[in-house]
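Where a number appears in this text, it was derived from the coordinates with a stated rule and is not lab data. Bear in mind that the values here come from a model prediction, so they are computed numbers and not experimental data. All Cβ positions, glycine included, derive from the backbone under ideal geometry; neighbour counts span all protein chains shown.
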Amino acid sequence: MSEWKLPWSAQCLCGQVKRRVSAPPLVAMACHCKGCQRLTSGAYSLTLMLPGDGFEVLEGETEPGALRRSESRHHYCVQCKSWLYTTAPSLGGLVNFRPTMLDDASWVQPYVESYVSEKLPGVVTGATHSFAQFPPPEKYQELMAGFARDGAKPA
Ligand SMILES: [Zn+2]
Ligand SMILES: [Zn+2]
């Protein structure tokens, strides 16, 4: 997997929580939904979907945040409150990691964008595949295969 130049290191805004990514992402996504706009205070969220065993918190303490009626568990730095990653029973052990936390995120380009139905005007992500809401579950395998082949990788 040398083309991915792994492992990658990541930290939160204050540097308390340090993480390591040691497996290639399955897909890179941008989500324009209203929930992600509120979570990030930005126009959309960026996600690298990682296999759970390719991700570890090396150092620092996290806490759950953004609590609401959802099964998703959003993990935050206890100190600076940066949104770091998300786990959920429906992800089956995968981790939705926030690539903006990488020490080098300069290569990250979403391959799929979701909820363009709620996208703010003027926002362009450059994603190859766009969906009005989330991609239908049966589409993921094809999207992951496409990402493995054509998705952006570290330069
Ligand atoms: Zn979203
Ligand atoms: Zn922090």
- Item | Additional length obtainable on full extension of the chain from Ala43 to Trp107, 0.36 nm per residue less Cα span | 21.1 nm
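Give me the tail of P(r) for the chain as a percent: Cα-Cα pairs with distance above 26 Å.
On the way: 2582 of 11935 pairs.
I get 22 percent for the Cα pairs in the chain exceeding 26 Å.
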- quick shape note, the stretch 18-88: Cα extents on principal axes in Å, largest first -> 31, 28, 21
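Give the relative contact order (percent, whole number) for the chain; include only Cα pairs under 8 Å separated by 6+ residues. Each step should come with its number before you reach the end.
On the way: 326 pairs, mean separation 40.1, N = 155.
Computed value for the chain: 26 percent relative contact order.
Placing unit charges on C-beta atoms (Lys and Arg positive, Asp and Glu negative, everything else neutral), compute the dipole magnitude of the stretch 52-155 about its Cα centre in debye, rounded to 20. Show your work: numbers first, answer last.
Working: 9 positive and 13 negative charges, 75 e Å.
Around 360 debye, computed over the stretch 52-155.
Between beta-carbons, use under 13 Å as the cut-off and find the net charge around Cys31, counting Lys and Arg +1, Asp and Glu -1.
Details: positive: Lys34, Arg38, Arg98, Lys119; negative: Glu113, Glu118.
It works out to a net charge of +2.
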- Query: When we measure straight from the Cα of Lys81, which lysines land under 30 angstrom away, once same-chain ones fewer than 8 places off are left out?
  - Reply: Lys5, Lys18, Lys34, Lys119, Lys153
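According to the Cα gyration tensor, what semi-axes, each the square root of 5 times an eigenvalue, does the equivalent ellipsoid of the stretch 97-155 have, listed from largest to smallest in whole Å? Don't skip to the answer; put the middle values down first.
Values: eigenvalues 78, 57, 20 Å².
Its equivalent ellipsoid spans semi-axes of 20, 17, 10 Å.
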